[in-house]
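Trainee: This is the structure I have questions about; it appears just below.
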4 protein chains.
Amino acid sequence: MSSSDSPTSRTGRPRSTEADAAILEATRASLVDLGWSKLTMGDVATRAKVAKTTLYRRWAGKNELVVDAVAVLFDELELPDRGSLAADVQGVVLQFAALLERPETRTALMAVVAESTRDDSLRRRIRSAIVDRQKRLVLLGRERAQARGELRYEADASTATRNADLIFDVIAGAVVHRTLVSAEPVDAEWASGFTTLLLLGLAGTQEP
Amino acid sequence: MSSSDSPTSRTGRPRSTEADAAILEATRASLVDLGWSKLTMGDVATRAKVAKTTLYRRWAGKNELVVDAVAVLFDELELPDRGSLAADVQGVVLQFAALLERPETRTALMAVVAESTRDDSLRRRIRSAIVDRQKRLVLLGRERAQARGELRYEADASTATRNADLIFDVIAGAVVHRTLVSAEPVDAEWASGFTTLLLLGLAGTQEP
Amino acid sequence: MSSSDSPTSRTGRPRSTEADAAILEATRASLVDLGWSKLTMGDVATRAKVAKTTLYRRWAGKNELVVDAVAVLFDELELPDRGSLAADVQGVVLQFAALLERPETRTALMAVVAESTRDDSLRRRIRSAIVDRQKRLVLLGRERAQARGELRYEADASTATRNADLIFDVIAGAVVHRTLVSAEPVDAEWASGFTTLLLLGLAGTQEP
Amino acid sequence: MSSSDSPTSRTGRPRSTEADAAILEATRASLVDLGWSKLTMGDVATRAKVAKTTLYRRWAGKNELVVDAVAVLFDELELPDRGSLAADVQGVVLQFAALLERPETRTALMAVVAESTRDDSLRRRIRSAIVDRQKRLVLLGRERAQARGELRYEADASTATRNADLIFDVIAGAVVHRTLVSAEPVDAEWASGFTTLLLLGLAGTQEP
DNA sequence: CCCTAAGCGAGACGGTACGTCAGGTCTTCGG
DNA sequence: CCGAAGACCTGACGTACCGTCTCGCTTAGGG
């Protein structure tokens, strides 16, 4: 997660793992208190009771640090089996919205995405640390729905991938837009309306 | 659009309207060259051949300036009548994606949205200058589709509004997510797949 | 004193003489409140209820304005006949010291002198508006002392001038240094000690 | 002399002593080229090849910096034994005048004195860094004259101090006034006339 | 059991940009 | 033409962070 993918240099004092944890924790705290644009490396260092050098030894800058600090939060998302595809979708929509309401994700997510439009390595980091990891939810949901007979098995693998990507963009995009751009609440009612729209659309594409 | 909503103070030298235009143009140019995070007020002032103070007299800061500079680009979006709802949706999806591919919008849009999560006045500015202005496309598209008989007229006004908002979040969200987060192209194929999904979903809700 | 030495241009609106007085008064007030370095043209204009342009039409800048504003205060110095040279000297020393204790002169005098070291026209202005005007006190004091028989009449005119200049520098210099550099009070005791020293010195040069 | 009178904090990177020297040197050079009022912290930093922050870390502002930069020049003043009190006084008068003719002292001295009239801490700094240090010359001169039998030993210590202060104010004041206010040269002739006046005055006060 | 290489804290360093302020000038309107 | 109002350009201000550096000290592993 942090940068040290090096072959574990054998000599010298090893890096403090406590520092790592303290820094990420401090980063989230700073995001909550100050927001993305006011967050500074110095402030994070102070909160984590760590020297600035220690931060820079591990992360190249604010962008990378925040991605790592926030990524772990997205792993909290789960897909408990609620018995039907509609319930599963609605559940994940509400979970995702709740995550986006948290101040640390709220302020950080769009900011790092914005930065990533001009920084390829950052975009790759975001994809691997956040985006791609959450596609698992779409894939898992589909599998369950297929097992239940709610969805057909897709014959063509590439079509299957394309569909999963589309669904992911629609769900994630709609929830993010509703939450951060429209700044309206994602409540059970909205989640229900959205889920209905999505599943009818999906069902339609599977008709003969 | 800029700050002077005052009742046009009668005395003193009036503000230069040329400066206004030059500043917004310079802001877009600076966004293209430097991106959001590297853009500075000083650079914009230099490009616009204007003093920094002249910027600050009109805009409170980088955020407000960029919103105004970018907002006008969104007004380019149109909804030419292509004869069917599907064609209209697909058309606007492609237009919107093309707009998001432009470097000035690409780097600016998410950034100001991110900032707006901690700044209510900024969020209001974004809504009035960008978001709400584009809902017109959804409303216009629905009217046309209703005139064509592709969609029913909605009896309940509040349901109608809710539906329009939902559709707007789904379209805008999906396109933004595909473009900026997934960083995959919005080509005719994707647009077609997305439009199909959306319209089937809409049709489904009108069946019974 | 102010700049308009033009041959009374016959046409157009005449300059407000009230404005002149108000500006000089405002300048002194600003000196008292803010001191030389914090005094600004804008503040003076505001206090005088006058536009900045009006100031610049009359004075080239802060330096010239302050010299004129302060010069008039030095004309308050007088040399009442106290019956003896010693009493006259002591009197003028105390008067001068009292003038230098006033905040407007205190802060302004050294400042404009400092500026004048790099600005010949300013130095000329200071000399004509302040310094040379006060030499009259030395000359008047000498005349009286000569009339009283306390001092001999000087035969050589250039020697007389040289002596007057020397005495002026010694008196003015000592009082200024005591007041502004040493920052010690010029009370009757000090004035007495200084006068004694000076007059004994003068007497000595006239002995043989 | 600079700010660090702290007990040498043991941790962190130590301050660069080269920077200290370069800054003071650059300050003097800037005074020569630009004069007090045009001197800027930025220019000094540039000349010293140092960041502006490095200046502000050591000095609170222009005033303090210039006092320190100029103070060292005053330490050049010496009192070589020329065999008689008159010769000693005349020598120091000419040295002091030569110092005041140098552009860096010329422009700086009166300026900082002017500022000090509104800033007690600055006045203390000037006194300790410049004024009081030069009183040594008066004291040394008196001691020598007493050793030579030219002056009596003063019985009362407080009277001795008062006299030394008076002489200091007279010498320094007269030379400064002649040089900077009257803007006339302090040549051997003037120095001789002044010395005669002063010593006769002193002699007179010691008669029975 | 010391040696050595790296980690660590502290804080100074050269920079860049900030947002503000003052200096002077220019442009409008009204007197 | 004068005067007020206020916008304009210029350039300096003092501050905040940046990311790097240089210290002296700590901490483990390998010889």
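The values are calculated or read from the model by the stated rules, or taken from the named source; none is laboratory data. From a predicted model like this one, the values you see are computed outputs, not experimental measurements. Note that we place each Cβ from the backbone using ideal geometry, even for glycine, and neighbour counts take in every protein chain shown. Note: areas computed on protein heavy atoms with side chains; ligands, DNA, RNA excluded. Shrake-Rupley method; radii C 1.70, N 1.55, O 1.52, S 1.80 Å.
Trainee: Just give me the residues in the stretch B:102-125 being open to solvent by less than 10 Å² (accessible area, probe 1.4 Å) and of a type outside the set (Ser, Thr, Tyr), in sequence order.
Mentor: B:Ala108, B:Met110, B:Ala111, B:Val112, B:Val113, B:Ala114, B:Leu122
Trainee: In addition: Looking at (1) within 7 Å of chain A (Cβ to nearest Cβ); (2) at pLDDT 95 or above; (3) under 27 Å from B:Arg127 (Cβ atoms), can you tell me which one B:Thr196 breaks?
Mentor: Failing condition for B:Thr196: (3).
Trainee: Follow-up question, since we're still on this one. For A:Ser121, work out the one condition from (1) without any contact (Cβ under 8 Å) to a residue 12 or more places away in the chain; (2) in a helix (DSSP H, G or I); (3) within 12 Å of chain B (Cβ to nearest Cβ) it doesn't fulfil.
Mentor: All conditions are met except number (3).
Trainee: Something else now. Please note which helices (runs of 4 or more DSSP H) are completely contained in the stretch D:1-118 and include at least 1 residues that are at pLDDT 95 or above and within 12 Å of another protein chain (Cβ to nearest Cβ).
Mentor: Result: D:17-34, D:62-74, D:85-101, D:103-116.
Trainee: So which residues in the stretch B:131-175 are over 24 Å from the mean Cα position of the chain (by Cα), in a helix (DSSP H, G or I) and touching a residue at least 24 places away in the same chain (Cβ under 8 Å)?
Mentor: B:Arg148
Trainee: Here's another thing I want to ask about it. For the stretch A:143-162: of the residues being open to solvent by less than 60 Å² (accessible area, probe 1.4 Å) and closer than 13 Å to A:Leu199 by Cα, which is farthest from the other protein chains (Cβ to nearest Cβ)?
Mentor: A:Ala145
Trainee: Separate question: Against the condition touching a helix residue (DSSP H, G or I) at 6+ places or on another chain (Cβ under 7 Å) and either farther than 24 Å from D:Val112 by Cβ or within 10 Å of DNA strand F (Cβ to nearest atom) (or both), how does D:Leu31 come out, does it pass?
Mentor: So D:Leu31 fails the test.
Trainee: Determine whether B:Leu94 is touching a Gly at 6+ places or on another chain (Cβ under 7 Å), away from DNA strand E (no atom under 11 Å from the Cβ) and under 26 Å from B:Gly173 (Cβ atoms).
Mentor: no
Trainee: Something else now. Which of the residues that make up the stretch D:164-208 are open to solvent by 10 Å² or more (accessible area, probe 1.4 Å) and among the charged types (D, E, K, R)?
Mentor: D:Asp165, D:Arg178, D:Glu184, D:Asp187, D:Glu189, D:Glu207
Trainee: Moving to a separate point now. Applying the selection to the stretch A:166-189, what residues are within 7 Å of chain B (Cβ to nearest Cβ) and of a type in the set (A, V, I, L, M)?
Mentor: Result: A:Leu166, A:Val170, A:Ala172, A:Ala174, A:Val176, A:Leu180, A:Val181, A:Ala183.
Trainee: Right, next: Given the conditions (1) over 19 Å from A:Ala203 (Cα atoms); (2) part of a helix (DSSP H, G or I), and given that A:Val186 satisfies all but one, which numbered condition is not satisfied?
Mentor: For A:Val186, the exception is condition (2).
Trainee: Hey, B:Lys49 hits all of (1) open to solvent by 40 Å² or more (accessible area, probe 1.4 Å); (2) more than 11 Å from DNA strand E (Cβ to nearest atom); (3) of a type outside the set (Asp, Glu); (4) in contact with a helix residue (DSSP H, G or I) (Cβ under 6 Å, 6 or more places away or on another chain) but one; which does it fall short on?
Mentor: (4)
Trainee: Still on this structure, please answer the following. Looking at the stretch A:32-52 only, could you name the residues that are under 22 Å from the mean Cα position of the chain (by Cα) and on the phi > 0 side of the Ramachandran plot?
Mentor: A:Gly35
Trainee: To continue, here is another question. Scan the stretch C:53-91 residue by residue and report those that are more than 21 Å from the chain's Cα centre (by Cα), crowded, with 19+ Cβ neighbours inside 10 Å and more than 16 Å from DNA strand F (Cβ to nearest atom).
Mentor: Once the filter is applied, which keeps residues that are more than 21 Å from the chain's Cα centre (by Cα), crowded, with 19+ Cβ neighbours inside 10 Å and more than 16 Å from DNA strand F (Cβ to nearest atom), the stretch C:53-91 yields only C:Leu85.
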